[in-house]
Amino acid sequence: MSHHIIELKDVEYVYPDQTAALNGISCRILHGEAVALVGANGAGKSTLLSHLAGIFVPSKGTIRVGDYPVNKQTLPHVRRSVGMVFQNADDQLFMPTVFDDVAFGPLNLGLPPEEVEKRVMEALEIVGAASLIHRPPYKLSGGQKRAVSIATVLSMLPDVLIMDEPSAGLDPLARRKLINLLKSFKHTRIIATHDLDLALDVCERTIVLAEGKILADGPTVQIFNDESLLAKSSLEKPLRMQGFPT
C-alpha cells in the first residue's frame, strides 16, 4: 500500500433519519502519524472513525486508505489494513475465553492453527495480558478488557489503529498503562477522545471537529493553547496545561 496514507475529500454523511453527521470533511493522515480527533458530543468523531473502518460509506465525497478507495468492493482489503477499537470493550469481547476472542479474527482469515496461536500470544504479550489467556472476558476489569480488546485488533496485524474513547471508564493506573502502550506503537493511530491529556501525551497532531466540520487541524500543543478555539468547540485545556492556583 502507499505507505498507508489516509485521505478524505469532501466527505459528507447523512443518517437515514436525515441527520447530517459529516459536512465536507477533507484531510490527509500520513503513515505513522498519531492524530487525535476532539470535539463536543455529537461533533462527528465516532461517525468519522466508522467511515475509516468501512462501517459507513460516505453519502458524498471519497475516502482512500493506502491504495484503496473505501467502498463496498474494497472493504475486505480496507479491514485488513485498519483495526478499530470500539469505545465499549464488551462490543469486541464475546467469546468464552480471551484466547478465543483474540484468535477470532485470524481464524476468519483462514490461517493455520499454529499461526493463529502465534499471533494471539504476540498480541497479548504486547498489551501485557498474556496471563489472561484462559480467562473469560466478562470476569476481567475495565483495564484488562481494554487491553484484550486492543489485542483482538493487533492479532490482525493492521497498519492503522483507530480508537474511540480508549480511556473511557479506566482507573488512573489502567489509563497510564494505556497511554504508555499507545505511545509505544509505530502504527498510524487515530484516536477520538474527550481525554485531552491523553491526546497531549500520545498525539502530535489534533483535529477539532464541530457540527460535522473540521474547525482546526494542527500541532496538538498549538491547538490546546488556543483558548478561543477551545471555547468555540466546547472544550477546555488539558488539566496539566491549566496551571494551579498558588
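The numbers here are math on the coordinates, done by the rules we state, and not lab data. This is a predicted model, so every value here is computed, not measured. Cβ placement follows ideal geometry from the backbone for every residue including glycine, while neighbour counts extend to all protein chains displayed.
Taking the Cα centre of the chain as origin and charging only Cβ (+1 Lys, Arg; -1 Asp, Glu), how large is the dipole, in debye to the nearest 20?
Roughly 120 debye for the chain.
Just the ratio, please: alpha-carbon radius of gyration of the range 61-102 over 2.2 N^0.38 Å, N its number of residues.
Normalised Cα radius of gyration, the range 61-102: 1.52.
Student exercise: in the chain, how many lysine pairs 8 or more apart or on different chains have Cα atoms under 24 Å apart?
Counting lysine pairs in the chain gives 28.
With a sphere of radius 10 Å drawn around the Cβ of residue 35, what net charge do the other residues whose Cβ falls strictly inside it have (Lys, Arg +1; Asp, Glu -1)?
Values: positive: 189, 205; negative: 33, 204, 217.
Charge balance near residue 35 sits at -1.
Counting trypsin sites (Lys or Arg not before Pro) as exposed when in a DSSP loop with at most 16 other beta carbons within 10 Å, what is the longest stretch of the chain free of them? Could the numbers behind the result be given before it?
Numbers: sites that count: 72, 186.
Longest run free of exposed loop sites: 73-185.
Scan around residue 22 for amide H atoms under 5 Å from its own, H built in the peptide plane at 1.01 Å from N, and keep only partners 5 or more places away or cross-chain.
Here 13 satisfy the definition.
Based on a Kirkwood Rh over C-alpha pairs, give the Stokes-Einstein translational diffusion coefficient of the range 27-123 at 10 °C and viscosity 1.306 mPa s in µm²/s.
Details: Rh = 15.6 Å.
Estimated diffusion coefficient is 102 µm²/s.
Among bridges DSSP assigns within the chain, what percent are antiparallel (round to 5)?
Antiparallel bridges: around 55 percent, rounded to the nearest 5.
In nm, what is the difference between 0.36 nm times the number of residues separating residue 111 and residue 30 and their Cα-Cα distance? Walk me through the numbers before you get to the answer.
On the way: separation 81, 0.36 × 81 = 29.16 nm, distance 2.97 nm.
So the chain would gain 26.2 nm between residue 111 and residue 30.
Taking each pair of different alpha-carbon atoms in the range 159-227 once, compute 1/r for the pair, average those values, and report the inverse of that mean as the Kirkwood hydrodynamic radius in Å to one decimal.
So the Kirkwood estimate lands at 12.8 Å.
Can you compute the helix-only [θ] at 222 nm over the chain? Use -39500 (n - 2.57) per DSSP H run of at least 4 residues, normalise by all residues, nearest 500 deg cm²/dmol.
On the way: 9 runs with 84 residues, N = 246.
Rounded to the nearest 500, the figure is -10000 deg cm²/dmol.
Check which residues have an amide H placed less than 5 Å from residue 205's amide H, if you skip close sequence neighbours.
For residue 205, the qualifying residues are 34, 36, 220.
Excluding residue 78 itself, calculate the net charge of residues whose Cβ lies under 11 Å from the Cβ of residue 78, where each Lys or Arg counts +1 and each Asp or Glu counts -1.
It works out to a net charge of +2.
When the gyration tensor of the chain is built from Cα positions, what are the square roots of 5 times its three eigenvalues, in whole Å, from largest to smallest?
Details: eigenvalues 170, 111, 47 Å².
Equivalent ellipsoid of the chain: 29, 24, 15 Å, largest first.
If you average the alpha carbon positions of the range 144-176 and of the range 61-82, how far apart do those two centres end up, in angstrom?
What the calculation gives is 22 Å, centre to centre.
Note the per residue figure in Å³ for the convex hull of the C-alpha positions in the range 21-67.
Residue-normalised Cα hull volume stands at 89 Å³.
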